[in-house]
Amino acid sequence: MNAIDTAIRAAAASITLAGITKSYDADTVVIPPMDVELKAGEFTVVLGPSGCGKSTLLQMIAGLERVSGGRILIGGREVQDLEPKHRGCAMVFQNYALYPHMTVGENMTYSLKVAGMPKAERVERVAAVAKMLGLSGYLHRKPGQLSGGQRQRVAIGRAIVREPGVLLFDEPLSNLDAQLRHDMRVELAELHRRIGATSVFVTHDQVEAMTLADRILILNKGRIEQFDTPKAIYHSPASVFVAKFIGAPPMNILPVTGDGSVLRLSDGQVVAEVSLSGSFQLGIRPEDIAMEGRVGDPAVKASLRFREDLGSHSILAADLADSVVRVATPFGADPADALHLTLIFPKSRLHLFDAATGRAIPGAFRAH
Ligand SMILES: Nc1ncnc2c1ncn2[C@@H]1O[C@H](COP(=O)(O)OP(=O)(O)O)[C@@H](O)[C@H]1O
Ligand SMILES: [Mg+2]
């Protein structure tokens, strides 16, 4: 720990969104009223498909977009009418937004200079942050003379030198290639562990969400589908939307009908013995489908369509009733030649959703 770590940890502020909404006109409500509490020091990932309102939400917190209604509190202070620079937030953008004509050092020191910090203090602060981010040897270079990963690190450095109460990230890794993206993700996780800044990180990448977040806020057309830990989101998705957004491949969703004693697929095969009646959507993750040797759960017949061998495991795609199901099998465990698969859906791994609303029906497979 050095002075800058301690200062950032101390500055970390809670965020309260109290009924904030955004609409551009009466017909385009981008964010319906939303209530969210983010704890000081918490790393929140806002996850959702393109166009669902993630950037809008972040920009309302930063003050780059006005709210159409509601209140925003940062560290208990109402900020929705304040200028961005008075909110104590710093933002990291996807395209870095560095000043190309300034050196790395000048980019990082600029906001401190504008804020009137004495030079000696500025130099010391920038040196500490540069060291933290492995940029000490690059302070005299221009952004054009850096790799993508280094530029992104400068953008992060420029945000944290101000010791902000809140760090906001808008898809900061999207412009990097796959390997660098992975490395930067790990660096960001380590940085967060070190400085403990309250962070809101927007992405459409579920892997970034699962690996970085204390809690994931999943947005669908501006509405919160679920706001919970990565574990809870993976194991207990609150809706079909969430179930299909998380996991690679995502959860299989199959229409089923219950007659009070069993659940049947659309072709009549029994997938589970359970006393439920009505139409549902049944969810099971590819890695939870068993292929043999399990007693107690019914087996269904599926026909193999194709397999992808990923080395550590294979993904089988099979026709089942009117759907294609994906099954993940460990290396060496998949039946290499079998066209006809016997699949078992262990009851403890099943998820049930309302056929009409897509909302989860918790506990459907317990107590039966
Ligand atoms: N200035 C604007 N006027 C009207 N609609 C806008 C404006 N800015 C954004 N939107 C709409 O708001 C929605 C959410 O956009 P955005 O927050 O950028 O989504 P995301 O970051 O999740 O991809 C989109 O449907 C977009 O078209
Ligand atoms: Mg966006």
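The values are calculated or read from the model by the stated rules, or taken from the named source; none is laboratory data. What you are looking at is a predicted structure, and each value in this text was computed from that prediction instead of being measured. Cβ placement follows ideal geometry from the backbone for every residue including glycine, while neighbour counts extend to all protein chains displayed.
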Among the numbered conditions (1) surrounded by fewer than 16 Cβ atoms within 10 Å (Cβ to Cβ); (2) more than 30 Å from Thr44 (Cα to Cα); (3) within 33 Å of the chain's Cα centre (by Cα), tell me where Met291 comes up short.
-> (1)
Odd one out for Leu217 among (1) modelled with pLDDT of 95 or more; (2) more than 16 Å from ligand 2 (Cβ to nearest atom) = (2)
Just to be sure, is Met91 in a strand (DSSP E or B) and under 20 Å from Gln152 (Cβ atoms)?
-> yes
Is there a residue being touching a Lys or Arg at 6+ places or on another chain (Cβ under 7 Å), within 16 Å of ligand 2 (Cβ to nearest atom) and closer than 15 Å to Val45 by Cβ anywhere in the stretch 187-200?
-> no
